[in-house]
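Single-structure report; data block below.
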Amino acid sequence: MYYVENETEEKVDLKIVRAILKKIVSYYGEKRDFSVTFVTDDEIQELNREYREIDAPTDILTFRLDDAPSFPISFDEEDMDFLNNEEMGDIFISLDTMRRNAEEFGVGEEEELSRLLLHGILHLRGLDHKTNDFEKEEMLKEQEEVLTKLSLKS
């Protein structure tokens, strides 16, 4: 199950977002929970500064649940779902940067949104990349191949 929230004053068609997510989740057969939150550049910059020590906005930040620091606490039976990773984590997308990216790359906003949603899910599934080289980075190659397979790319 995925949860989608828009914390901005910008309009987002959540039906489209859910339709894109449904395609991606079905493709991977993913059953774990995650959230997608749309934020502004200011909000994502604050998160980027706090968690990555980078004082600049970015298009997407992904926080995997299993990347959370371990705490010296004990869990009872009811908390075991947390330990069993029934939840993947959280994706934050800056609508401001997403729209600038779409314009800069000459693609529609829906395609760029699809790319970012898939990108976040790939990170939640444990994939990563060191650069943004779409020809060398395996994660980015998979991202573009899946976008094409799911007809999310124009």
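The values are calculated or read from the model by the stated rules, or taken from the named source; none is laboratory data. Fair warning: this is a prediction, and the values are worked out from it, not measured in the lab. Quick reminder, even Gly has a Cβ in these numbers, built from the backbone with ideal geometry, and neighbours come from all protein chains shown. Ligands, DNA and RNA are excluded from the accessible area calculation, which covers all protein heavy atoms including side chains. Shrake-Rupley method; radii C 1.70, N 1.55, O 1.52, S 1.80 Å.
For the reader, a short list of remarks on this structure follows.
- Derived scalar couplings ³J(HN,Hα) [segment 101-113; Karplus, 6.51 cos²θ - 1.76 cosθ + 1.60; whole Hz; x for Gly, Pro]: 4, 4, 5, 4, 8, x, 10, x, 4, 5, 5, 5, 4
- Database remark: amide H of Val4 closer than 5 angstrom to the amide H of Val36 (H placed geometrically; neighbours at sequence offset of 5 or more, or on other chains; Pro and chain starts carry no H).
- Cα gyration tensor category, rounded, prolate or oblate, for the chain with a/c compared to 1.5: prolate
- Across Phe105, Phe34, Phe63, the residue with the most accessible area heads the list, and the full order at a 1.4 Å probe is Phe105, Phe63, Phe34.
- Distant-in-sequence amide H partners of Thr58 (H built 1.01 Å from N, under 5 Å): Gln45
- In the chain, helices alone account for a calculated mean residue ellipticity at 222 nm of -14000 deg cm²/dmol, with every DSSP H run of four or more residues adding -39,500 (n - 2.57).
- Our coupling estimate for segment 127-136, obtained by passing each phi through the Karplus curve with A = 6.51, B = -1.76, C = 1.60 and θ = phi - 60°, is 7, 8, 8, 9, 10, 9, 7, 5, 8, 10 Hz, Gly and Pro reported as x.
- Taking the charge dipole of the chain about its Cα centre, with +1 at Lys and Arg Cβ atoms and -1 at Asp and Glu Cβ atoms, the residue from Leu118, Leu150, Phe92 reaching farthest to the positive side is Leu150.
- Max mean-square fluctuation residue, GNM over the chain, Cα-Cα springs under 10 Å, options Ser114, Ser94, Ser26: Ser26
- Förster radius 41 Å - calculated FRET efficiency between Glu144 and Glu7 (Cβ-Cβ, nearest 0.05): 0.90
- Loop sites in segment 1-47: GluC sites (Glu not before Pro), DSSP, at most 13 other Cβ within 10 Å: Glu7, Glu9, Glu10
- Difference of contour (0.36 nm per residue) and Cα-Cα distance, Leu14 to Phe134: 40.4 nm
- Less than 5 angstrom separates the built amide H of Asp33 from those of Glu87, Met88, all sequence-distant by 5 or more or on a different chain.
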